[in-house]
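Before any comments, here is the structure.
The values are calculated or read from the model by the stated rules, or taken from the named source; none is laboratory data. Since the structure is predicted, the reported quantities are computational estimates derived from the model, not experimental observations. All Cβ positions, even for glycine, are placed from backbone atoms using ideal geometry, and neighbour counts span all protein chains on display.
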Amino acid sequence: MIPRNKTGNQIRTYFTNPLELLEKLHLTAEQMLFSAEAVQDFRFKVPAAYVDKIQAGDPDDPLLRQIFPVHQETLLTPGYKKDPLNEADSLSQPGLLQKYYGRALLLVTPNCAINCRYCFRRHYPYEDKGHFWKQIEQNIEVIKQDLSISEVILSGGDPLSLSDSRFAELITMLETIPHLKRLRIHTRIPVVDPEQISDKFLKILADCRLHIIMVLHINHAQEIALDSQESILKLHKQHISLLNQSVLLKGVNNNVDTLAALSEILIENNIIPYYLHMLDKIQGSSHFEVKDNDAKIIYQQLRAKLPGYMLPRLVREIPGKKSKTPIIF
Ligand code: SF4
């Protein structure tokens, strides 16, 4: 376990050695089907705050399954690709993605607080494409020139991996663009490492003239422990619209009771259950796949159990399509 300095922010602690994590959780490499090759392919990184939510001694813990590198990741499965959404070809220029009308997506950092093994960007060529801070001014210039853009989406990586001061710089550049109305932030940090939501960060959001929508990524109710609830409440008190997107993942949340419990705790914490995504077929993630027929049964059961406002939309991302594709059963 190593402490890392998030420039300008407090020091955070991460696990970067899977075997060290297993020791802490009283589990063995054999029990978990650990693969060192999988780690070479996609780095292992988990905040200590997330590890605290994992049940020691349980190899099937739904949080552990999301982050632990296993041998199935090294298998080549037909239909699974390194860039399943053809994102590398959708860039209008490095770090700027414009696939939806009226919106522009800025890749502001390659870094995340946590590495989720099913991530659809786990093989993304961040270095080749140079999606880093140095591109930001040119990309903001493109947004300035395009009067059709009313919403900017910050993505990465996780945009909250930026230091607070760099994040403030970014917000200042964006809010001076007169035709921008909304800022959408896709992040997992309020849940996986909630203490990163600092008072300074909250003040930056409070002072911003844009309507801020934060799209969280939470897959299981167990992820919303007390520390996450406190951070989420602070965001809610800043009048930030909070939505959630989950991925339907085998062994994590592929049953009706788990998904219903997730919607319950989201609503209790002022978060709207927004999307339930089918897995993007990224190479190394096929062991997480829930087949369409099984998804259909789970979703029908969920619809029967929950009021409409608690039911996330089941969607799939199809490369080349101008919006997510709803799956209607
Ligand atoms: S936090 Fe999001 S972008 Fe980062 S690894 Fe997880 S799913 Fe991917």
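Before we move on, is Asp164 out of contact with any strand residue (DSSP E or B) (no Cβ under 9 Å at 6 or more places or on another chain) and closer than 27 Å to Ile67 by Cβ?
Details: out of contact with any strand residue (DSSP E or B) (no Cβ under 9 Å at 6 or more places or on another chain): yes; closer than 27 Å to Ile67 by Cβ: yes.
Here the answer is yes, as Asp164 does meet what is asked.
I'd like the full set of residues that are of a type in the set (S, T, N, Q) and either modelled with pLDDT under 95 or more than 16 Å from the ligand (Cβ to nearest atom) (or both), limited to the stretch 162-193. First the steps, then the outcome.
First pass over the stretch 162-193, keeping only residues of a type in the set (S, T, N, Q): 163, 165, 172, 176, 187.
Selection gives Ser163, Ser165, Thr172, Thr176.
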A careful count of residues in the stretch 298-327 that are at pLDDT below 95 and outside any strand (DSSP E or B) gives 9
Spans of helices (runs of 4 or more DSSP H) in the stretch 115-192 with at least 2 residues surrounded by fewer than 22 Cβ atoms within 10 Å (Cβ to Cβ):
126-129, 136-145, 164-175
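Regarding Ile240, is this residue more than 16 Å from the ligand (Cβ to nearest atom) and within 16 Å of the chain's Cα centre (by Cα)?
Numbers: more than 16 Å from the ligand (Cβ to nearest atom): yes; within 16 Å of the chain's Cα centre (by Cα): no.
So Ile240 fails the test.
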If I filter the stretch 74-81 for residues that are charged (D, E, K, R) and part of a helix (DSSP H, G or I), do I get at least one hit?
no
Hey, Glu289 crowded, with 20+ Cβ neighbours inside 10 Å and in contact with a Ser or Thr (Cβ under 9 Å, 6 or more places away or on another chain) or not:
yes
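Results for (1) assigned to a helix (DSSP H, G or I); (2) touching a strand residue (DSSP E or B) at 6+ places or on another chain (Cβ under 9 Å); (3) under 17 Å from Leu154 (Cβ atoms); (4) within 16 Å of the ligand (Cβ to nearest atom), shown as yes or no for each residue.
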position	(1), (2), (3), (4)
Glu195	yes, yes, no, no
Lys200	yes, no, no, no
Leu205	yes, yes, yes, no
Arg209	no, no, yes, no
Ile213	no, yes, yes, no
Leu216	no, yes, yes, yes
Leu235	yes, yes, yes, no
Ser246	no, yes, no, yes
Looking at (1) more than 17 Å from the chain's Cα centre (by Cα); (2) within 14 Å of the ligand (Cβ to nearest atom); (3) modelled with pLDDT under 90, which is the only condition Ser92 fails?
(2)
Please determine, by comparing only the residues of the stretch 105-114 that are in a loop (DSSP other than H, G, I, E, B) and in contact with a strand residue (DSSP E or B) (Cβ under 8 Å, 6 or more places away or on another chain), which one is farthest from the ligand (Cβ to nearest atom).
Val108
